[in-house]
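K.L.:
Before I ask anything, here is the structure I am working with.
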Amino acid sequence: MDIAHVTVRQPVRAQLITLEEQELPVSATLRYSAADPLAVHLDFPPEASLHGEAVTWTFGRALLEEGLGGPAGGGDVHIWPCGRARTVLELNSPYGLALLQFDTVALRRFLLRSYAVVAEGKEDVGAAVDEGLHALLGNV
């Protein structure tokens, strides 16, 4: 089997924290692809977005790992533990800010599944860079 075509998908439930401090359930899917070994993708279905379209957030797998142990992130994505059982993911966009709470065990399970595909520290990005350059530049 060609490892570059392996993708891990894991449905997850989150609680969206509103300005009124209400918690609204949100479904999403965590996705990891060996073809993009440094990234984690968080896919939200159309019904979970402001504009009724599917939305994907992409951030570093290392950021997710770091955020499970302590505050991490910069720019548009921040992650931190909230007690032992929950992890908060803060997403910033031009449309506003979203605070989501996830079950920490589910996030750890996803990370372990991704490490089974590409071990931590073994991400060979050379092939991905070559593929991206070829797609961008063609046969120039």
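The values are calculated or read from the model by the stated rules, or taken from the named source; none is laboratory data. If you're wondering where the values come from, they're calculated on a predicted model, not measured in any experiment. When we count neighbours, we look across all protein chains shown, and the Cβ atoms used for this are built from the backbone with ideal geometry, even at glycine. Each accessible area value is taken on the protein alone, full model and side chains, heavy atoms only, with ligands, DNA and RNA left out. Shrake-Rupley method; radii C 1.70, N 1.55, O 1.52, S 1.80 Å.
K.L.:
Consider a paramagnetic label point 7 Å from the Cα of ASP103 along Cα→Cβ; state which residues of the stretch 35-66 have an amide N under 14 Å from it.
P.N.:
Under 14 Å, as judged by backbone N against the label point of ASP103, lies no residue of the stretch 35-66.
K.L.:
If each DSSP helix of 4+ residues adds -39,500 (n - 2.57) and the sum is divided by the residues in the chain, what number results at 222 nm, nearest 500 deg cm²/dmol?
P.N.:
When only DSSP H runs of four or more count, the value is -7500 deg cm²/dmol.
K.L.:
Separate question: For the chain, set up a Gaussian network in which alpha carbons nearer than 10 Å are linked by springs, and say which option among THR58, THR104, THR18 fluctuates the most.
P.N.:
Of the options given, THR18 has the highest mean-square fluctuation.
K.L.:
If the chain between ALA35 and GLU123 were fully stretched, how many nm would it gain, using 0.36 nm times the residue separation less the Cα-Cα distance?
P.N.:
Roughly 30.7 nm would be gained on extension.
K.L.:
If you wrap a convex hull around the C-alpha atoms of the chain and split its volume per residue, what is the figure in Å³?
P.N.:
139 Å³
K.L.:
Could you please report the charge total around LEU24, scoring K, R as +1 and D, E as -1 over all other residues with beta-carbon less than 12 angstrom from its beta-carbon?
P.N.:
-3
K.L.:
Note down the relative contact order for the chain as a percent, whole number, built from C-alpha pairs under 8 angstrom at least six residues apart.
P.N.:
Answer for the chain is 19 percent.
K.L.:
Looking at the P(r) of the stretch 1-78, how many percent of alpha-carbon pairs lie beyond 13 Å?
P.N.:
Pairs farther apart than 13 Å: 74 percent.
K.L.:
Using the beta-carbon distance between ALA54 and THR18 and R0 = 30 Å, what value does 1/(1 + (r/R0)^6) give for FRET efficiency, to the nearest 0.05?
P.N.:
It comes to 0.90.
K.L.:
Now a separate question. Report, to the nearest whole %, how much of the accessible area of the chain belongs to carbon and sulfur atoms, 1.4 Å probe, protein only.
P.N.:
Heavy-atom surface of the chain belonging to carbon and sulfur, 1.4 Å probe: 57 percent.
K.L.:
Could you give the accessible area per residue of the chain, probe 1.4 Å, as a whole number in Å²?
P.N.:
With the other protein chains kept in place, the chain gives 61 Å² per residue.
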